[in-house]
Amino acid sequence: GFNTWVRGAGDSSPALDATAMRSGFRTVHNTAIVNWLATLQKTTFDGLTGPVKFNSAAERITDYTVFSMQGPHLSPVPVFRYDSAADSLHELTAATFGNGSRTPPPDRESPCAPGWRYSRTARGCEACE
(Lines give C-alpha, C1' and ligand atoms only; values in the text may rest on other atoms or scores of the structure.)
Protein backbone atom coordinates (compact mmCIF):
# COMPACT_ATOMS: atom_id res chain seq x y z
CA GLY A 1 0.00 0.00 0.00
CA PHE A 2 0.86 3.66 0.26
CA ASN A 3 2.99 3.27 3.40
CA THR A 4 5.11 0.57 1.76
CA TRP A 5 5.67 2.85 -1.23
CA VAL A 6 6.68 5.75 1.01
CA ARG A 7 9.11 3.50 2.90
CA GLY A 8 10.54 2.37 -0.43
CA ALA A 9 11.02 5.99 -1.47
CA GLY A 10 12.95 6.67 1.73
CA ASP A 11 10.65 9.05 3.57
CA SER A 12 9.76 6.70 6.40
CA SER A 13 12.99 4.89 7.17
CA PRO A 14 16.37 6.66 6.85
CA ALA A 15 14.84 10.14 6.75
CA LEU A 16 12.83 9.60 9.93
CA ASP A 17 15.82 7.98 11.62
CA ALA A 18 17.87 11.04 10.70
CA THR A 19 15.52 13.35 12.58
CA ALA A 20 15.49 13.94 16.30
CA MET A 21 12.03 12.43 16.57
CA ARG A 22 13.06 9.25 18.31
CA SER A 23 15.70 10.61 20.66
CA GLY A 24 15.05 10.75 24.39
CA PHE A 25 11.93 8.55 24.45
CA ARG A 26 12.94 5.65 26.68
CA THR A 27 10.43 4.78 29.35
CA VAL A 28 9.10 1.61 30.92
CA HIS A 29 5.36 2.18 30.52
CA ASN A 30 5.03 2.76 26.75
CA THR A 31 4.65 6.52 27.10
CA ALA A 32 7.32 6.62 24.43
CA ILE A 33 4.64 5.93 21.80
CA VAL A 34 2.49 8.84 23.00
CA ASN A 35 5.53 11.11 23.11
CA TRP A 36 6.62 9.95 19.65
CA LEU A 37 3.16 10.63 18.17
CA ALA A 38 3.05 14.10 19.72
CA THR A 39 6.49 14.82 18.28
CA LEU A 40 5.51 13.37 14.90
CA GLN A 41 2.54 15.74 14.64
CA LYS A 42 4.82 18.76 15.10
CA THR A 43 7.61 17.53 12.82
CA THR A 44 8.19 18.56 9.21
CA PHE A 45 11.12 17.79 6.94
CA ASP A 46 11.93 17.41 3.26
CA GLY A 47 11.71 13.82 2.08
CA LEU A 48 12.47 12.27 -1.28
CA THR A 49 8.86 12.71 -2.41
CA GLY A 50 8.48 16.26 -1.10
CA PRO A 51 7.69 17.97 2.19
CA VAL A 52 6.73 15.55 4.98
CA LYS A 53 4.30 16.60 7.72
CA PHE A 54 1.56 14.83 9.67
CA ASN A 55 -1.96 15.61 10.90
CA SER A 56 -3.43 14.90 14.36
CA ALA A 57 -4.21 11.29 13.32
CA ALA A 58 -0.51 10.76 12.46
CA GLU A 59 -1.37 10.54 8.75
CA ARG A 60 0.98 12.13 6.27
CA ILE A 61 -0.34 15.38 4.80
CA THR A 62 0.60 15.56 1.15
CA ASP A 63 -0.58 16.81 -2.20
CA TYR A 64 -1.32 14.09 -4.73
CA THR A 65 -2.60 13.54 -8.24
CA VAL A 66 -5.21 10.95 -9.25
CA PHE A 67 -4.54 9.38 -12.64
CA SER A 68 -6.92 7.59 -15.00
CA MET A 69 -5.42 4.96 -17.29
CA GLN A 70 -6.87 5.79 -20.70
CA GLY A 71 -6.57 4.76 -24.34
CA PRO A 72 -5.42 1.55 -26.00
CA HIS A 73 -2.01 1.70 -24.29
CA LEU A 74 -3.46 2.64 -20.87
CA SER A 75 -1.56 5.90 -20.66
CA PRO A 76 -1.80 7.71 -17.30
CA VAL A 77 -3.82 10.92 -17.61
CA PRO A 78 -4.01 13.25 -14.58
CA VAL A 79 -7.68 13.83 -13.72
CA PHE A 80 -7.67 15.24 -10.16
CA ARG A 81 -5.18 17.08 -7.97
CA TYR A 82 -5.54 17.19 -4.18
CA ASP A 83 -4.22 20.34 -2.50
CA SER A 84 -3.51 19.52 1.15
CA ALA A 85 -3.05 23.16 2.20
CA ALA A 86 -6.52 24.10 0.90
CA ASP A 87 -7.98 20.63 1.62
CA SER A 88 -9.55 20.67 -1.84
CA LEU A 89 -9.77 18.43 -4.89
CA HIS A 90 -9.42 20.06 -8.33
CA GLU A 91 -10.55 18.38 -11.55
CA LEU A 92 -7.82 18.66 -14.19
CA THR A 93 -9.43 16.72 -17.05
CA ALA A 94 -12.63 14.77 -17.44
CA ALA A 95 -12.42 11.35 -15.82
CA THR A 96 -13.70 8.65 -18.16
CA PHE A 97 -14.40 5.00 -17.50
CA GLY A 98 -13.79 1.82 -19.51
CA ASN A 99 -16.77 2.39 -21.79
CA GLY A 100 -15.67 5.98 -22.52
CA SER A 101 -18.47 7.60 -20.50
CA ARG A 102 -18.21 9.89 -17.49
CA THR A 103 -20.79 7.80 -15.60
CA PRO A 104 -19.10 5.53 -13.06
CA PRO A 105 -20.03 1.87 -13.33
CA PRO A 106 -22.13 0.41 -10.51
CA ASP A 107 -20.28 -1.19 -7.63
CA ARG A 108 -22.49 -4.24 -8.11
CA GLU A 109 -24.65 -5.46 -10.92
CA SER A 110 -28.39 -5.12 -10.38
CA PRO A 111 -30.12 -8.38 -9.45
CA CYS A 112 -31.87 -10.17 -12.31
CA ALA A 113 -35.64 -10.58 -12.35
CA PRO A 114 -37.16 -14.07 -12.03
CA GLY A 115 -36.67 -16.00 -15.29
CA TRP A 116 -33.48 -14.09 -16.06
CA ARG A 117 -29.85 -14.80 -15.22
CA TYR A 118 -26.69 -12.74 -15.08
CA SER A 119 -24.33 -13.12 -18.05
CA ARG A 120 -20.69 -12.15 -17.58
CA THR A 121 -20.11 -11.78 -21.31
CA ALA A 122 -23.13 -9.49 -21.71
CA ARG A 123 -22.46 -7.86 -18.33
CA GLY A 124 -26.17 -7.90 -17.68
CA CYS A 125 -29.28 -10.04 -17.38
CA GLU A 126 -30.54 -12.31 -20.15
CA ALA A 127 -33.48 -14.67 -20.36
CA CYS A 128 -32.95 -18.19 -19.01
CA GLU A 129 -33.09 -20.94 -21.61
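The values are calculated or read from the model by the stated rules, or taken from the named source; none is laboratory data. This one's a predicted model, so the numbers in the text were calculated from it and none came from an experiment. Glycine also receives a Cβ, built like all others from the backbone with ideal geometry; neighbour counts cover every protein chain displayed. Only protein heavy atoms, including side chains, enter the accessible area calculation; ligands, DNA and RNA are left aside. Shrake-Rupley method; radii C 1.70, N 1.55, O 1.52, S 1.80 Å.
Atom-type composition of the exposed protein surface of segment 28-129 places 56 percent of the accessible area on carbon and sulfur (1.4 angstrom probe).
Given a Förster radius of 25 Å and the C-beta distance between residue 108 and residue 67 as r, what FRET efficiency does 1/(1 + (r/R0)^6) yield to the nearest 0.05?
On the way: r = 25 Å, r/R0 = 1.00.
The formula returns an efficiency of 0.50 here.
Contact order for segment 71-129, expressed relative to its length and based on alpha carbon pairs under 8 Å spaced 6+ residues apart, stands at 16 percent. Distance from the alpha carbon centroid of segment 27-97 to that of segment 107-129 works out to 40 angstrom. Comparing 106, 40, 70 along the charge dipole axis of segment 36-118, the residue lying farthest to the positive side is 106, per the Cβ-charge model. Taking the average, over residues, of other Cβ atoms within 10 Å as the packing measure, peptides 108-120, 52-64 rank 52-64, 108-120 from highest down. In this label model, residue 87 and residue 35 are separated by 3.1 nm, measuring between points 7 Å along each Cα→Cβ vector.
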